[in-house]
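Structure record follows, encoded as structure tokens.
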2 protein chains.
Amino acid sequence: MISFVRAGDPFDSLDTPAMVIDAPAMTDNIAAMMDRIRPTGVHVRPHLKTAKSPTIAKLMLQAGARGICVAKLAEAEVMAAHSIDDILITTEIAGRSKLARLVALVREHPGVKVVVDGEAGVIALEQALRQDSTTIDVLLELDVGQGRCGVLPGAPALALAECVRRQSRLRLVGLQGYEGHLQHIRESHVREERCTEAVTRLTETAEALRRAGFEIAIVTTGGTGTAEICARCPGVTEVQPGSFVFMDVAYRDAIGPGYAQALTVLSTVISRPRPGEAVVDAGLKSLSTDMGMPVPKGLPDVRYRPLGDEHGLLCWADDSAVALDVGDRLELIPSHIDTTINLHDDYVVVSDRRVTGIWPVAARGKVQ
Amino acid sequence: MISFVRAGDPFDSLDTPAMVIDAPAMTDNIAAMMDRIRPTGVHVRPHLKTAKSPTIAKLMLQAGARGICVAKLAEAEVMAAHSIDDILITTEIAGRSKLARLVALVREHPGVKVVVDGEAGVIALEQALRQDSTTIDVLLELDVGQGRCGVLPGAPALALAECVRRQSRLRLVGLQGYEGHLQHIRESHVREERCTEAVTRLTETAEALRRAGFEIAIVTTGGTGTAEICARCPGVTEVQPGSFVFMDVAYRDAIGPGYAQALTVLSTVISRPRPGEAVVDAGLKSLSTDMGMPVPKGLPDVRYRPLGDEHGLLCWADDSAVALDVGDRLELIPSHIDTTINLHDDYVVVSDRRVTGIWPVAARGKVQ
């Protein structure tokens, strides 16, 4: 918990490093995604692995989202405990302990769905469910080119669907295929072309399964970089974007300014050791760098890089152009919000330079 | 909290990803560091920014450590709340809110010390203390070549010491200089040569300050890569290693097998999509990659890389040489333990393949 912070506190009084939501910008981003997808008739099922907050999940559901995605069972447990019903776990579940937890969760929350991508996983899931009287809705995960998890489209997917049909506790309800490798392609026509190609593999397999007698109600795909493209592809029923809610440097560089930068890490200058350099209190434990460097907000001449766990270096070329002293504060825009949010216990929600709320990152660290 | 885990549980029943301590190896590492430094007469003040656990801090104090280091005030608050007295905060403190918290902490815990590296910081600290009746022990931080925080050795340090002397609530007790840029130099003679040179700047400035009438009781430096070198340098009074307690791939590659790999992240294979590849449930949110890739333990032919927040790819050249199926488990050795530990809420402590304890990473996320 962030201590000493209460709704009504001025932004300028916040201790640092603090992860700050620009509330109006976040609200606009949610509305923009819904407005852009709605005309296609496709549903939005936002991916909450990014925001990890039931509060934000509910804002999205109120704005018209179909349900939510999470990456991990432990995230689903958090969301279900906050009365969210329609939850798709987008990662395969394996291991005895985890399967037992899944069965317990689905028994109480039948809207929890999972993906499967191989016979071994299907059979282990069936066996776990047989020890109970529970059934579960499953989606086949297809590898549409990402090369991560997923059964191959076409015949292998058909064979896996038949395997699911032979089980008594699994009901096949759909297909998932995520083109994660295409999210950050900068040339929009290349992104669109390759995405359409990937999604076609998904929708063609959905059609083949329907011809084989399977009821495929859900065809789910897409991220922040491809959601609008996917929603225009015939046969897609829902999209799974997550990062649009706050954006980050990596997505901004890839897809442009269609959504606002709504999340920053507020930091303080702790040292001015040399001309043209300042050291801030935000390092690798406040801001992730797995997708590049965070960017100082409103300081175009200043660059940031981490100098260890708890230090960050700001540097600029012309020392007279930037005035930053010990105790001064600035905001840093994360390069990758998923891994940055996962470092922090709380969001500080700010509107008109006042704190309007403290929202726990309730699913932070829920990797199991 | 990790659910469903209790002391006595078999290692093979743990859910994953789980951060696991090999308890005998950790105990050996603590004993080894103490044994190697003891003959020099130099004290060990381990850096708890790494382990972030009061339980582990106390094991080190029982083994003979002089006190502890932390990087952040919030870490010091956690350690002080667990009755640890002698705490050096190794990072400069700035900002009104944080200075108020520091004053409150030092009032109750006079063994808390901080570093300063500039007049602005000294004066802000003095002003915060004047609103109370509290005094504080401070160390000058010197830049001994790292180029992060720190006043320069020699005349600038002397001027800053004079500035501290003019204050009424600050007592100068020592010098800190950290050669963080030298920790991972692989050629041991180069590391030793450059470290000795850096430490000489520190000890020469300590001597100059003593000649100017300052009582410099503490001269503190060193990390896991340099602690033994520093301890042999005349004039050093204590060393600050942290990572030796568990080690990691980056330190092992740099300094060799002098300390054992005592921390792993246990993970489960969730998919076997292609020959020579397996996908595990540990990605960027379970294992940091800021200092390179984690390494599968006991599987020399298998390489790991993250495939997103919650996926990791294992690959190997000869598919017949490695048998890994869905549900199988393996341990991954972190590349950088500081940032990996900070992702997890708990340590699972294991001895003889049985769980002997669950230790919270009590200072996890304490960046403020």
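Of all residues in segment B:268-325, which are within 7 Å of another protein chain (Cβ to nearest Cβ) and within 15 Å of residue A:339 (Cα to Cα)? Of everything in segment B:268-325, those that are within 7 Å of another protein chain (Cβ to nearest Cβ) and within 15 Å of residue A:339 (Cα to Cα) turn out to be B:284, B:285, B:286, B:289, B:290, B:307, B:308, B:309, B:310, B:311.
Within segment B:343-368, how many residues are more than 30 Å from residue B:94 (Cβ to Cβ), of a type in the set (Asp, Glu) and either assigned to a strand (DSSP E or B) or within 12 Å of another protein chain (Cβ to nearest Cβ) (or both)?
The total comes to 1.
Candidates B:237, B:226: the one that is polar (S, T, N, Q), more than 17 Å from residue B:342 (Cα to Cα), open to solvent by 10 Å² or more (accessible area, probe 1.4 Å) and in contact (Cβ under 8 Å) with a residue 24 or more places away in the chain is B:237.
Among residues of segment B:1-51 being within 10 Å of another protein chain (Cβ to nearest Cβ), in contact with a Lys or Arg (Cβ under 9 Å, 6 or more places away or on another chain) and not acidic (Asp, Glu), the one that is surrounded by the fewest Cβ atoms within 10 Å (Cβ to Cβ) is B:3. For residue A:290, indicate whether it is at pLDDT 95 or above and either farther than 30 Å from residue A:71 by Cβ or charged (D, E, K, R) (or both). Spelling it out, residue A:290 is indeed at pLDDT 95 or above and either farther than 30 Å from residue A:71 by Cβ or charged (D, E, K, R) (or both).
Selection of segment A:307-333 for residues being outside any loop (DSSP other than H, G, I, E, B), over 24 Å from the mean Cα position of the chain (by Cα) and in contact (Cβ under 8 Å) with a residue 12 or more places away in the chain yields A:312, A:313, A:314, A:315, A:319, A:321, A:329, A:330. Taking the criterion of being of a type outside the set (Val, Ile, Thr), out of contact with any Leu (no Cβ under 8 Å at 6 or more places or on another chain) and over 30 Å from residue B:280 (Cβ atoms), would at least one residue in segment B:44-53 satisfy it? Yes, there is a match, as at least one residue in segment B:44-53 is of a type outside the set (Val, Ile, Thr), out of contact with any Leu (no Cβ under 8 Å at 6 or more places or on another chain) and over 30 Å from residue B:280 (Cβ atoms).
Taken over segment B:149-166, the criterion of being touching a helix residue (DSSP H, G or I) at 6+ places or on another chain (Cβ under 7 Å) and either at pLDDT below 95 or assigned to a loop (DSSP other than H, G, I, E, B) (or both) is satisfied by B:153, B:154.
Name the pairs whose Cβ atoms lie under 6 Å apart, with the first residue in segment B:281-298 and outside any loop (DSSP other than H, G, I, E, B), the second of a type in the set (A, V, I, L, M), and 6 or more positions between them or separate chains? From residues that are outside any loop (DSSP other than H, G, I, E, B), the pairs are B:295/B:249; B:295/B:333; B:296/B:302; B:296/B:330; B:296/B:332.
Note on segment B:140-172: residues that are away from chain A (no Cβ under 14 Å) and within 30 Å of residue B:251 (Cβ to Cβ) amount to 0.
Any chance segment B:206-217 includes a residue that's in a strand (DSSP E or B), out of contact with any Pro (no Cβ under 8 Å at 6 or more places or on another chain) and modelled with pLDDT of 95 or more? Scanning segment B:206-217, I find no residue that is in a strand (DSSP E or B), out of contact with any Pro (no Cβ under 8 Å at 6 or more places or on another chain) and modelled with pLDDT of 95 or more, so the answer is no. Does segment B:123-131 contain at least one residue that is touching a helix residue (DSSP H, G or I) at 6+ places or on another chain (Cβ under 8 Å), modelled with pLDDT under 95 and either surrounded by fewer than 24 Cβ atoms within 10 Å (Cβ to Cβ) or within 20 Å of residue B:57 (Cβ to Cβ) (or both)? Checked segment B:123-131: at least one residue is touching a helix residue (DSSP H, G or I) at 6+ places or on another chain (Cβ under 8 Å), modelled with pLDDT under 95 and either surrounded by fewer than 24 Cβ atoms within 10 Å (Cβ to Cβ) or within 20 Å of residue B:57 (Cβ to Cβ) (or both). I'd like to verify a number: residues in segment B:86-100 that are open to solvent by 10 Å² or more (accessible area, probe 1.4 Å), within 17 Å of the chain's Cα centre (by Cα) and facing another protein chain (nearest Cβ under 7 Å), how many? Summing the residues that are open to solvent by 10 Å² or more (accessible area, probe 1.4 Å), within 17 Å of the chain's Cα centre (by Cα) and facing another protein chain (nearest Cβ under 7 Å) in segment B:86-100 gives 1. Would you confirm, using the coordinates I've provided, whether residue B:107 is open to solvent by 20 Å² or more (accessible area, probe 1.4 Å) and within 14 Å of chain A (Cβ to nearest Cβ)? Considered against the rule, which asks whether it is open to solvent by 20 Å² or more (accessible area, probe 1.4 Å) and within 14 Å of chain A (Cβ to nearest Cβ), residue B:107 comes out as no. Kindly indicate whether any position in segment B:194-209 is exposed (fewer than 15 other Cβ atoms within 10 Å of the Cβ) and either in contact (Cβ under 8 Å) with a residue 60 or more places away in the chain or touching a strand residue (DSSP E or B) at 6+ places or on another chain (Cβ under 9 Å) (or both). No, segment B:194-209 has no match at all. For segment A:257-271, a tally of residues being buried (at least 23 other Cβ atoms within 10 Å of the Cβ) and part of a loop (DSSP other than H, G, I, E, B) returns 2. Considered as a group, the residues in segment A:326-342 that are within 13 Å of chain B (Cβ to nearest Cβ) and in contact with a Lys or Arg (Cβ under 8 Å, 6 or more places away or on another chain) include one that is farthest from residue A:303 (Cα to Cα), and that residue is A:342. List the pairs whose first member sits in segment A:113-128 and is within 11 Å of chain B (Cβ to nearest Cβ), whose second member is small (Gly, Ala, Ser) and open to solvent by less than 20 Å² (accessible area, probe 1.4 Å), and whose Cβ atoms are under 8 Å apart, counting only residues at least 6 apart or on separate chains? Sorted first by the residue in segment A:113-128, then by its partner, the pairs are A:117/A:150; A:117/B:271; A:118/B:271; A:121/A:94; A:121/B:271; A:124/A:94. Here residue A:276 meets each of (1) under 22 Å from the mean Cα position of the chain (by Cα); (2) at positive phi; (3) open to solvent by less than 10 Å² (accessible area, probe 1.4 Å) with one exception, condition (1).
Each row is one residue, and each column tells you yes or no for (1) surrounded by fewer than 18 Cβ atoms within 10 Å (Cβ to Cβ); (2) touching a helix residue (DSSP H, G or I) at 6+ places or on another chain (Cβ under 7 Å).
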| position | (1), (2) |
| --- | --- |
| A:288 | no, yes |
| A:294 | no, yes |
| A:304 | no, no |
| A:307 | no, no |
| A:320 | yes, no |
| A:324 | no, no |
| A:328 | yes, no |
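The set of residues in segment A:64-85 that are assigned to a loop (DSSP other than H, G, I, E, B) and either open to solvent by 40 Å² or more (accessible area, probe 1.4 Å) or within 14 Å of chain B (Cβ to nearest Cβ) (or both) comprises A:64, A:66, A:71, A:72, A:82, A:83, A:85.
The values are calculated or read from the model by the stated rules, or taken from the named source; none is laboratory data. Owing to the predicted nature of the structure, the values given are computational and were not obtained by experimental measurement. Neighbour counts are summed over all protein chains in view; Cβ atoms, including those assigned to glycine, are modelled from backbone coordinates with ideal geometry. Heads up: the accessible areas ignore ligands, DNA and RNA and are worked out on the full protein's heavy atoms, side chains in. Shrake-Rupley method; radii C 1.70, N 1.55, O 1.52, S 1.80 Å.
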